[in-house]
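What follows is a short report on a single structure.
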Amino acid sequence: MSSDLHMHTSCSDGLLTPEELVQAAKEAGLNFIAITDHDTVDGLCQLYETGLYPNAGIKIIPGIEFSAHHDTSEIHILGYNVDIYNRELVERLNDVVEARWMRFSTMVEKLQNLGYDISETDVLEIADGSTSISRSHIAQVMVRKGYCASVKDTFEQLLEKGKPAYVSHYRLEAEEIIDLIKNSGGTPVLAHPKLIHNDALVEELLKNGIEGIEAIYPKHDEEDTKRYLELAEKYHLLVTGGSDFHGIPGRWPRQIGEFVVEDCYAEELYREPEL
Ligand SMILES: [Zn+2]
Ligand SMILES: [Zn+2]
């Protein structure tokens, strides 16, 4: 049996609903899964409300993935076993959602001021009910309206950092995220360290309250994994791994079960639900 400790649902930027993800993971024969949506535990709340968590016939580890504020690097921090109804967590996540809406409105306003005929309604239509409106949704409208050739072009001309319609993210500091995860009963784990592209910064983070490292990851080659396993040992950290499954065409792994970890990593994290 095998497990996957990093998976996204349609509650953030994944394709499958939480129910579909659970079903697909069962069909793939996985033993443990962790749902780790960006900035939300809504998927887990939904599964709890429909009774699938914890009784789906597959062991589910509640999780979340945060993006930390940093000037030059993308730092993602996973939180495992957070209490999904913890008040502080819920409040801070609401702040993040509110800031995302503000960012979206401001970007649309900037585009309007640049002379483009685009409205919030256009973007909401494309986003089709997602609460996680992103720049890709805005870019899709720009392409559909014939202003730009592709989503990539829209980013390069208008939406990237330094471009005329760019608005910066509101992001929590790494220290805040680590405290928030711990205060809500969870274990903070540094996600896909290779994607930080700065191992000195990785070590800095590992020394400051992180309790685990995602050493096993699709974009880590054998050398990378070895290096991160050594860091885990050096700093006495848990080792985790997962596919970062999104279910989106063109992004590997496309299928659940194509990239898995041994159950021993999940067993270290798994707690019998007390809900
Ligand atoms: Zn990530
Ligand atoms: Zn992820």
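The values are calculated or read from the model by the stated rules, or taken from the named source; none is laboratory data. Predicted model only: the values in this text are computed from it and were never measured. Cβ coordinates were reconstructed from backbone atoms using ideal geometry, including for glycine residues, and neighbour counts include every protein chain displayed. Keep in mind that these areas ignore ligands, DNA and RNA; they rest on the heavy atoms of the full protein, side chains included. Shrake-Rupley method; radii C 1.70, N 1.55, O 1.52, S 1.80 Å.
Based on C-alpha pairs under 8 angstrom that are at least 6 apart in sequence, the chain has a relative contact order of 24 percent.
Backbone phi angles across segment 230-247, fed through the Karplus curve with coefficients 6.51, -1.76 and 1.60 (θ = phi - 60°), yield HN-Hα couplings of 5, 5, 4, 5, 4, 9, 6, 10, 5, 10, 10, x, x, 8, 6, 4, 10, x Hz in residue order; Gly and Pro are listed as x.
DSSP beta bridges in segment 1-138, what fraction antiparallel, as a percent rounded to 5? In segment 1-138, DSSP labels about 40 percent of beta bridges as antiparallel. Rounded to the nearest 20 debye, the dipole size of the chain about its Cα centre is 660 debye, using +1 on the Cβ of Lys and Arg and -1 on the Cβ of Asp and Glu.
Mind pulling the angle between the C-alpha long axis of helix 18-27 and the longest principal axis of the chain? Nearest 10 degrees, somewhere in 0 to 90. With rounding to tens, the tilt is 50 degrees.
Ranked from largest to smallest solvent-accessible area, with a 1.4 Å probe on the protein heavy atoms, Ile35, Ile248, Ile126 come out as Ile248, Ile126, Ile35.
Residue ranges 82-89, 176-183 sort as 176-183, 82-89 when ordered by packing (mean number of other C-beta atoms within 10 Å per residue, highest first). Here the Karplus curve 6.51 cos²θ - 1.76 cosθ + 1.60, taken at θ = phi - 60°, turns the phi angles of segment 252-269 into couplings of 8, x, 7, 10, 5, x, 6, 10, 9, 10, 5, 4, 4, 5, 6, 4, 4, 9 Hz, with x standing for Gly and Pro. The order of the peptides 62-70, 3-11 by mean Cβ neighbours within 10 Å, most packed first, is 3-11, 62-70. Magnitude of the charge dipole for segment 74-215, about its Cα centre and with charges confined to Cβ atoms of Lys, Arg (+1) and Asp, Glu (-1), is about 400 debye.
Per-atom-type breakdown for segment 37-160 gives carbon and sulfur 46% of the accessible area (1.4 Å probe, protein chains only).
The stretch between Lys26 and Val143, if pulled fully straight at 0.36 nm per residue, gains 38.3 nm over its current Cα-Cα span.
Our summary gives segment 129-275 a relative contact order of 13 percent, counting only alpha carbon pairs under 8 angstrom and 6 or more residues apart. Relative to the longest principal axis of the Cα atoms of the chain, the long axis of helix 174-183 lies at roughly 50 degrees.
Note that segment 63-78 has calculated 3J(HN,Hα) couplings of x, 7, 10, 9, 9, 8, 5, 7, 5, 10, 10, 8, 10, 10, 10, 8 Hz, one per residue in order, obtained from phi through the Karplus relation 6.51 cos²θ - 1.76 cosθ + 1.60 (θ = phi - 60°); glycine and proline are x. Work through the residues other than Asp95 whose Cβ is under 14 Å from its Cβ and net out their charges, Lys, Arg +1 and Asp, Glu -1. Here the count lands on -1. The residues of the chain expose, per residue, 48 Å² of accessible area to a 1.4 Å probe. Restricting segment 118-179 to trypsin sites (Lys or Arg not before Pro) that sit in a DSSP loop and have at most 14 other Cβ atoms within 10 Å of their own Cβ leaves Lys145, Lys161. Length available on full extension from Leu124 to Glu203: 0.36 nm per residue minus the Cα-Cα distance, which gives 24.4 nm.
Helix content alone sets the calculated 222 nm mean residue ellipticity of the chain: runs of n ≥ 4 DSSP H residues at -39500 (n - 2.57) each, divided across all residues, give -11500 deg cm²/dmol. Taking only Cα atoms, what is the 0 to 90° angle, nearest 10, from helix 135-144's long axis to the longest principal axis of the chain? Approximately 40 degrees, to the nearest 10. Heavy-atom accessible surface of Leu93, to the nearest 10 Å², is about 10 Å², with a 1.4 Å probe and all protein chains retained.
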